[in-house]
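Take a look at the structure below.
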Amino acid sequence: MQLQVKDTGARSWLLRVQIGNKRRHIGLGGYPDVTLAQARERAREAHDKIRLGIDPVEERRSIRLALKAESTVITFEEAAQRWHKAKRHEYRNGKHADQVLTTLVTYAGPVIGSMRVNEITVDHIYSVLDPLWTQKTETATRLRGRIENVLAWATVSGHRTGENPARWKGNLDALMAKPGKVRKVLHHKALPVDDMANFMKALRTTEGMGSLALEFCILTATRSGEVRGATWDEIDFGKKIWTIPAERMKAGKEHRVPLSKPVLQLLLEVPRFQNSNFVFTAARGGQISDMTISAVLRRMKVAAVPHGFRSTFRDWCSERTAYPNDVAEMALAHMIGNKVEAAYRRGDLFDKRVQMMDDWAAFCGS
């Protein structure tokens, strides 16, 4: 051990030792802050470690690296926010993007939100999912996937290492039942095909924007969200086409809807508002809410939901017509499950769908 004096006049205690085939210079502290007695004690501690096979220099380096790594670790809540910000533009619309983050905050937040991402284990993920798995299986399944994505982002971003504890295959699938085995399939309440004529007759006697929107929804076999967001510039009266842009479609693909004569007549009856481009405008401006359409059915005391009429339409196609399955599916804007068929399917069978929607409107008005 010696007192080292630098050119600047600064003095410090230095221990020179041989560790294996390496020559080490171990700093023991600056003088006079560290006294001779203290320096000797530190030198003795260093020699004790060396006798145990510990390199004091490497030990210090490991501690510094560990502290540095610890300072870069963030909580799951922070990771979720950053992941969501990076992926937000992948979602169809802002509302859907907000729901993704809300799901993480609502269900995962109370359990792992404040935990550092490198501390989260399979047990923690199980604690998040288990209360939901049998009661809200679909929600739980989506939640698991989103947690996995957040932790994958944290790993790639250098905030954690190791296996992803939210991974399903070869991991959580050993602890939890398969979603398909526990999910309770709840079909949308639909009106029987035979009841459609009487229902449509009663619907046309009701007043209000909600009634007009519901009739339009039924006759076009579209989703209520697509109807509520419909704008006048999407309607081409000359070509009798309603073109729904890709960003408003569930499949993310533009959808053309043939407009039958009853639908065109209905559109002429819809009141227009000077400061709104929405076809179905709420009383205070903007698009009408989903509840506005659903409320019509409640007032009519009909045990069905707006989306259920798409099922009624599908039953009519199968049971009362000879239209091919793919034409009916195209009318509903369903994605083609077969990837090979989807790759070769270029058209939207529009011409065939024109006659089918005319027949559907005639059936509803019969």
| request: Give the Kirkwood hydrodynamic radius (Å, one decimal) of the chain, defined as one over the mean of 1/r across all pairs of different Cα atoms. | output: 26.5 Å
| Choice from A39, A108, A79 showing the highest fluctuation, given a GNM over the chain with Cα pairs closer than 10 Å | A39
| query | Going out from 0 in 5 Å bins, what whole percent of all Cα-Cα distances in segment 1-148 drops into each bin? | reply | 2, 8, 13, 12, 10, 8, 5, 5, 6, 8, 8, 8, 6, 2, 0
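In segment 1-45, which trypsin sites (Lys or Arg not before Pro) fall in coil by DSSP and have 11 or fewer other Cβ atoms within 10 Å?
Here the sparse-neighbourhood loop sites are K6.
For segment 2-70, go through all pairs of different Cα atoms, get the mean of 1/r, take its inverse, and jot down that Kirkwood value in Å.
Here the Kirkwood hydrodynamic radius works out to 13.1 Å.
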| query | Which trypsin sites (Lys or Arg not before Pro) does segment 108-199 hold that lie in a coil by DSSP with at most 12 other beta carbons within 10 Å? | reply | K169, K184
| said: For segment 253-325, take the convex hull of the Cα atoms, compute a quarter of its surface area, and give me that in nm², please. | reply: 7.4 nm²
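Kindly put F280, F273 in sequence by how many other C-beta atoms sit within 10 Å of each C-beta, fewest to most. Intermediate values should be presented prior to the final figure.
Values: F280 23, F273 13.
Fewest-to-most ranking of F280, F273: F273, F280.
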| message | Within 10 Å, at most 14 other Cβ atoms, and a DSSP state outside H, G, I, E, B define an exposed site. Report the longest part of the chain free of exposed GluC sites (Glu not before Pro). | response | 1-162
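Report, as a whole number in µm² per second, the diffusion coefficient that Stokes-Einstein gives for segment 142-294 at 20 °C and 1.002 mPa s using the Kirkwood radius over alpha carbon pairs.
Working: Rh = 19.3 Å.
D = 111 µm²/s.
Using only helices, what value at 222 nm comes out for the chain when you add -39,500 (n - 2.57) per DSSP H run of length 4 or more and divide by the total residues, to the nearest 500 deg cm²/dmol?
Details: 17 runs with 180 residues, N = 366.
Calculated mean residue ellipticity at 222 nm is -14500 deg cm²/dmol.
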| message | Below 18 Å, Cα to Cα, which lysines can K136 reach? Residues fewer than 8 away in the same chain don't count. | response | K178, K181, K184
| message | Connecting C-alpha atoms closer than 10 Å in a GNM of the chain, tell me which of M209, M330, M300 has the biggest fluctuation. | response | M300
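Which values, in whole Å and largest first, are the semi-axes of the equivalent ellipsoid of segment 76-182 obtained as the square root of 5 times each eigenvalue of the Cα gyration tensor? All intermediate terms of the calculation are to be shown ahead of the outcome.
Numbers: eigenvalues 82, 63, 29 Å².
Each semi-axis is √(5λ); the values are 20, 18, 12 Å.
Let me have the relative contact order for segment 2-70, percent, based on Cα pairs under 8 Å that are six or more residues apart. All intermediate terms of the calculation are to be shown ahead of the outcome.
On the way: 61 pairs, mean separation 13.9, N = 69.
It comes to 20 percent, rounded to a whole number.
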| request: Note down the relative contact order for the chain as a percent, whole number, built from C-alpha pairs under 8 angstrom at least six residues apart. | output: 13 percent
| If you keep only loop residues by DSSP, which trypsin sites (Lys or Arg not before Pro) in segment 277-336 have at most 12 other Cβ atoms within 10 Å of their Cβ? | R284, K301
| request: Check cross-link reach from K250 to the lysines: straight Cα distance under 21 Å, and skip same-chain residues fewer than eight apart. | output: K87, K95, K189, K339
| remark: Fewest to most Cβ atoms within 10 Å: I244, I112 sort as I244, I112
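Just the number: Rg to Rh for segment 193-364, Cα atoms, Kirkwood Rh, two decimals.
My calculation puts Rg/Rh at 0.95.
Could you tell me what a quarter of the Cα convex hull surface of segment 120-226 works out to, in nm² with one decimal place? Spell out each step's value before the answer.
Numbers: hull surface 43.0 nm².
Approximately 10.8 nm², given one-decimal rounding.
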| query | Where a Cα-Cα gap under 21 Å defines reach, which lysines qualify for K49, not counting those fewer than 8 residues away within the same chain? | reply | K22
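How high is the FRET efficiency from K178 to E254, r the C-beta distance, R0 35 Å, rounded to 0.05? Don't jump to the answer; show the numbers that get you there.
On the way: r = 35 Å, r/R0 = 1.01.
Once rounded, the FRET efficiency stands at 0.50.
Values in this text are rule-based calculations from the coordinates and carry no lab data. Everything quoted here is computed from the prediction, not taken from an experiment. With ideal geometry, Cβ positions are generated from the backbone for all residues, glycine too; neighbour counts draw on all protein chains shown.
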